[in-house]
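Everything on this sheet refers to the single structure shown next.
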Amino acid sequence: MTTSKTQAKTQTQPKPRARSARPATRPPLWDRRFTLFFTARTISLVGDAMMPVAAALAVGALYGISGVGFVLGTWTGTFVVLVLFGGVLADRFGARRMMIGADLVRVLTQGVLAVAFFAGPPPLWLLVTMAALAGAAVAMFLPGANGMVPLVASEPQRANATLKVADALAHLLGPALAGLLIALTGAGTVYAIDAGTFLLSAMCLALIRSGTAAEPTDSAAGRGPDADADAAVRTGSSLRRDLRQGWQEFRSRTWMWAVILIWMGYGVLLFGPLVPLSSALVGARLGPDAYGLAVSFLGFGTVLGGLLALRLRPGRPLAAGAVAMALYTVLPLCVAVDAGLPVLLAGHVLGGGALAFWSVMWATSVQTHTPSAVLNRVSAYELAGSVSGIALGQILAGPAIALASPGRLLLVSAGACLAGCVALLATPAIRTLRRAAPADSGKPAAPGSPPGE
């Protein structure tokens, strides 16, 4: 009798819901680690955005256009030469450690220049030397900055989109702030504030290591952000072997090196000559204020593209990014055909949005389809390829004017942009690359060749 009552009572009681039946909630983006990383990147991006204006105005006032070109060329050249070693060292000693060290070097370089400008006109050799050291520091910083994203964010695409929006806002505010400060207080103040931004960035990065056990760690194996680097140091791998391994990983992914080849062509024919040619044409026809307004609208479009990348999660990210990049054709085209100001501004909004959306799709694909142990080296190879094309395009822009008018050269840029998009979509390894499985699904990102290769 007691048994039957117990059975009846058991049958009438509601069964507890199985916890496994609940849909998995998406992990939050703004945990402690990503918040610190985002703060560090945003602060350093503002500092980076201030420097071209500071160099153009402060150095130009002392040493003219040739002095500005010498200083900026030294910065870019040093970066291109050393960025591959930056990737190796980030994989060997840890991305976070290299980023902190690079920030501290830039605190030194910008602090020295601030003191020099406060004391009086600095000599050209000092400006060039500090530019070389700063370029070397950026070469040590950027590969690790790309490689850190999947270690501090559970959803790299959302993280990259958020960082892209911050990048756009920094490049909107940084140049304006630098110009205003130079006009009101002088170049020394700009360089002092710039040094302060890198100091704050280093402090935020240093705090990432002191996270609690509840915070996310390396999604690959539950390790901290410097675990793979510590292992590499213990194995005593040589610099040459590390460079070769990074190159092999880069070369083994057809979709990756194919994109970089196309992007090198973009650098020479599109991105490199675009700024000097468009600034000359728009400035001469509509005035320098109109070109400044167009650049601001380009930044606004970049913000919109980053926000769009926060919401859209295409199954084939590079294919979607290639379709978006077709809209970038409008930017050089509207300058080449002498479009009115409203069309010109609309073209810059479309161009900024298209490039931002592609950038998020590309960065996320690299981060999620590359093993964490070699990610920094692979990022260094793709950075070196991209930047070298832009540098060559900038160098050739001046001599090319002797062969054709700036308008015709920009028509070539527009055609190159469209042809590049066709090449991206025509390459099976690029077109068919699929979005990597999220980290919380239990499936690791593909360590080898991607689907469709």
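Read the figures in this text as sums done on the coordinates, not as results from a lab. Predicted model only: the values in this text are computed from it and were never measured. Reconstructed Cβ throughout: ideal geometry from the backbone, glycine too, with neighbour counts over all protein chains shown.
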- Assuming a ≥ b ≥ c are the square roots of the Cα gyration tensor eigenvalues, decide whether segment 123-163 counts as rounded (a/c under 1.5), prolate (otherwise, with a/b larger than b/c) or oblate. prolate
- When you count, for each residue, the other Cβ atoms within 10 Å and take the mean per peptide, how do 329-335, 400-406 rank with the highest first? 329-335, 400-406
- Query: Under the classification rounded if a/c is under 1.5, otherwise prolate if a/b is larger than b/c and oblate if not, where does segment 140-192 fall, given a ≥ b ≥ c as square roots of the Cα gyration tensor eigenvalues?
  - Reply: prolate
- Item | Full-extension gain in nm, T185 to A119, via 0.36 nm per residue minus C-alpha separation | 22.4 nm
- Under 18 Å from a point 7 Å along the Cα-to-Cβ line of L392: which residues of segment 72-111 have their amide N that close? 76-84
- Obtain the nm distance between the two label points defined at A404 and D338 by a simple spin-label model: each point lies 7 Å from its Cα along the Cα-to-C-beta direction. 1.8 nm
- Summed residue charge, Cβ within 9 Å of Q157's Cβ, Lys/Arg positive, Asp/Glu negative: +2
- Message: As a footprinting exposure proxy, order D338, D103 by other Cβ within 10 Å, with the fewest listed first.
- Response: D338, D103
- Query: If you take the square roots of the eigenvalues of the alpha-carbon gyration tensor of segment 320-417 and sort them as a ≥ b ≥ c, do you get rounded (a/c under 1.5), prolate (a/b over b/c) or oblate?
  - Reply: oblate
- Message: Applying a 10 Å radius around every beta-carbon, put 148-154, 422-428 in order of their mean neighbour count, most first.
- Response: 148-154, 422-428
- Query: Going highest first, how would you order 299-312, 238-251, 344-357 by mean Cβ packing within 10 Å?
  - Reply: 344-357, 299-312, 238-251
